[in-house]
Amino acid sequence: MAARAIWKGSLGLGRTKLPVKLYSAVEGRGLHFHLLEKKTHKRVKQHMVDASTGDEVPREEIRKGYEIEPDTFVLVEEDELEKLEPEPATDIEITGFLPEGRIGEQYFDVPYYLGPDGDAKSYFALAEALGNKRREGFARWVMRKKDYIGALCARDGYLMLITLRFAEEVLTARQLGPPPGKAPDAREVKMAQQLVSVLEGEFRAEDYTDEYEEKVLKYIKAKAKGRKPKLAVLPKRRPEPKSLMAALSASLKSVSKKEKEKAVA
Amino acid sequence: MPEENEDQRESSRPFWSGTISFGLVSIPVNLFPANRGSQVSLRMLGPNGKPLARKYYSEKTGRDLDAEDIIRGFEISKDRFVEISDEELERLEPERSRDISLQSFVDAQSIPRIYFEHGYFLLPSGSSRAYHLLAETMERTGKAGIATFVMRGKAYLVAITADNGILRAETMRFHDEVRSPQDVGLPRKQNPAPAKVKSLESYITQHSRAKLPLTAMRDKDSANLLKLVKRKQKTRKNIVSAGGGKKHKAEVIDILDVLRKSLKESA
């Protein structure tokens, strides 16, 4: 079944405007659990209470504030917030292009497909040009009263727009500083690199599937029928190896044995 | 309808604790989020300016519920639930609930960006020798270790990489969670005019740069909100102080402080 477009906009590349439709590229999955009251097995309700007295505060009396120092707030009114909302617009402004992979993966948030809204020839021309040049566009736009940044990329001959997290929302290792402890032994690193090279391969997303969800569902269904399926015991935390060298060389031996077996089979 | 609240991201406790295993080498780690919400967030206040808290309550008695009065349930048919605990969810997959076992290593740059979902840090808990070894190895090889593991009732596909001596875990969508152009119903590919492709290619080349300035990635909406707050602060009106009341537990936790503290404690 064809998906419905969630938004319409227009890619702006200089003076060229390319009308596009936006479609979600993600299939919602996963089991949904509900929070229940233990005694009644009924769904719990939520409300807002005064944090110090516990008294309920009705929705219409709630105000918003920015904490400037502990327990001191600057009040911000709804109409002021509305005035701050970006002007509605349909332009997805492409401000420049970067070599693929230049934006760190930790910034990537939600992927969308773009589909042509009229001019299909130009749409497929842009997808091909981006793919040929191995570049991605940097985009900024306003959608549903929010400011967005994103990466415009080509995938299998189609255009995708992936929203990016703002710089303020991504924590980097640099901000944490280095972990305590000494640099590892050069010989150990060499052996570890060997181990990595034995286990090296290409990333194929199709190779990874998961049966955990089905397992959980099966267990829940059995419980619903009044059965008590057996559960495994949780393992103890694996101990750290006493000697890294010994653990590494044993690992290398075991993987190379497996590789040999594979070659024979 | 309240579902499980995902809003536990900014917490001082690790999201998950266990080991990463690499061959026969096991490394004890704590997992913390590496993404945070907008830097400028507003607190909900009562009419007198006192900070509010979100609470769960019983529909039957109207009373607020504590964590121990709340269970998790799966709706098996309308309004009929089967209770399930965290322990049951873990014991259904005991190994992968405790261990991220690196099965293969791939070129970190080769993973399509559409798969990436959330970022986490894996910080050492316990001795850091093996931790340093893995981080150094990953950094030198430029590889990402791929694994699946189970956390809070869900299986995750992760890419483990190293950055400045710190191990990161990026959760990824499974292949069947990402739609194909056909699933979406995009039109069949058309062959564009070569001249049009050429002209777009030269446009792309002309507007290319090597790096994206971080300033281009700033959150303007939040910056504008902060400006408004500063402007109002200067007028000295519109300021409320909730002092005097019972001390409430600070709800705003700086995740960076939490991470730095955790790093120090592992020493």
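None of the figures in this text is laboratory data; all of them are computed from the coordinates on show. Nothing here was measured: the structure is a model prediction, and the numbers come from that model. Neighbour counts run over all protein chains shown; Cβ positions are idealised from the backbone, glycine included.
For a distance above 11 Å, tell me the whole-number percent of Cα pairs in region A:113-160 that qualify.
Percent of Cα pairs beyond 11 Å in region A:113-160: 68.
What chymotrypsin sites (Phe, Trp or Tyr not before Pro) in region A:71-163 are in a loop by DSSP, with at most 10 other Cβ atoms within 10 Å of the Cβ?
Listed in order of number, the matching sites amount to none.
For chain A, set up a GNM with springs between Cα atoms under 10 Å and report which of A:Asp185, A:Asp79, A:Asp50 has the largest fluctuation.
Of the options given, A:Asp50 has the highest mean-square fluctuation.
If each Cα of chain A is one equal point scatterer, what is log10 of I(q)/I(0) from the Debye formula at q = 0.08, 0.09, 0.12 Å⁻¹?
So the normalised log intensities are -0.70, -0.87, -1.21.
Computed over the Cα atoms, what is the radius of gyration of chain B divided by 2.2 N^0.38 Å, N being its residue count?
Cα-based Rg divided by the globular estimate yields 1.31.
If each DSSP helix of 4+ residues adds -39,500 (n - 2.57) and the sum is divided by the residues in the protein assembly as shown, what number results at 222 nm, nearest 500 deg cm²/dmol?
Per the formula, -8000 deg cm²/dmol.
Which value, in nm² and rounded to one decimal, describes the direction-averaged projected area of the C-alpha convex hull of region A:1-133?
Taking the Cα atoms of region A:1-133, their convex hull projects to 15.5 nm² on average.
Near B:Lys78, which aspartates and glutamates are there with a Cα under 13 Å away, not counting those fewer than 8 places off in the same chain?
Of all the aspartates and glutamates, none pass the test against B:Lys78 - Cα under 13 Å, at least 8 places apart if same chain.
Pick from B:Arg13, B:Arg140, B:Arg209 the residue whose mean-square fluctuation is largest in a GNM of chain B, springs joining Cα atoms under 10 Å.
B:Arg209
Please compute the Kirkwood hydrodynamic radius of the protein assembly as shown from all pairs of different C-alpha atoms, in Å with one decimal.
Computed over Cα pairs of the protein assembly as shown, the Kirkwood hydrodynamic radius comes out at 26.2 Å.
Is region A:90-243 rounded, prolate or oblate when judged by the Cα gyration tensor, a ≥ b ≥ c being the square roots of its eigenvalues, rounded requiring a/c under 1.5 and prolate requiring a/b larger than b/c?
oblate
For the residues B:Val150, B:Val229, what sequence is obtained by ranking on other C-beta atoms within 10 Å, fewest first?
Ascending Cβ contact count within 10 Å gives the list B:Val229, B:Val150.
Pull out a ≥ b ≥ c, the square roots of the eigenvalues of the alpha-carbon gyration tensor of region B:128-267, then state rounded if a/c is under 1.5, prolate if not and a/b is larger than b/c, and oblate in the remaining case.
Here region B:128-267 falls in the oblate category.
Out of region B:22-101, which trypsin sites (Lys or Arg not before Pro) are coil in DSSP terms and have no more than 11 other C-beta atoms within 10 Å?
Passing both the DSSP loop test and the Cβ count: B:Lys60, B:Arg63, B:Lys78.
Evaluate the relative contact order of chain A (contact order divided by residue number), counting alpha-carbon pairs under 8 angstrom at least 6 apart; express in whole percent.
This gives 15 percent for chain A.
Let me check the size of region B:5-107 from its C-alpha atoms; what are the radius of gyration and Dmax in Å?
19.6, 59
What aspartates and glutamates sit close enough to A:Lys190 to cross-link, taking a C-alpha to C-alpha distance under 17 Å and skipping anything fewer than 8 places away on the same chain?
Within reach: A:Glu200, B:Glu136, B:Glu139.
What percent does the relative contact order of region A:128-249 come to when contacts are Cα pairs within less than 8 Å and at least six residues apart?
14 percent
With springs only between Cα atoms under 10 Å apart, run a GNM on chain B and tell me which of B:Leu256, B:Leu228, B:Leu102 wobbles the most.
B:Leu228
How large is the charge dipole for the protein assembly as shown, taken about the Cα centre, if only the Cβ atoms of Lys, Arg (+1) and Asp, Glu (-1) carry charge, to the nearest 20 debye?
460 debye
Quick one: which of B:Lys154/B:Lys220; B:Lys143/B:Lys220; A:Lys38/A:Lys236; A:Lys42/A:Lys83 span more than 32 angstrom between C-alpha atoms?
B:Lys154/B:Lys220; B:Lys143/B:Lys220; A:Lys42/A:Lys83
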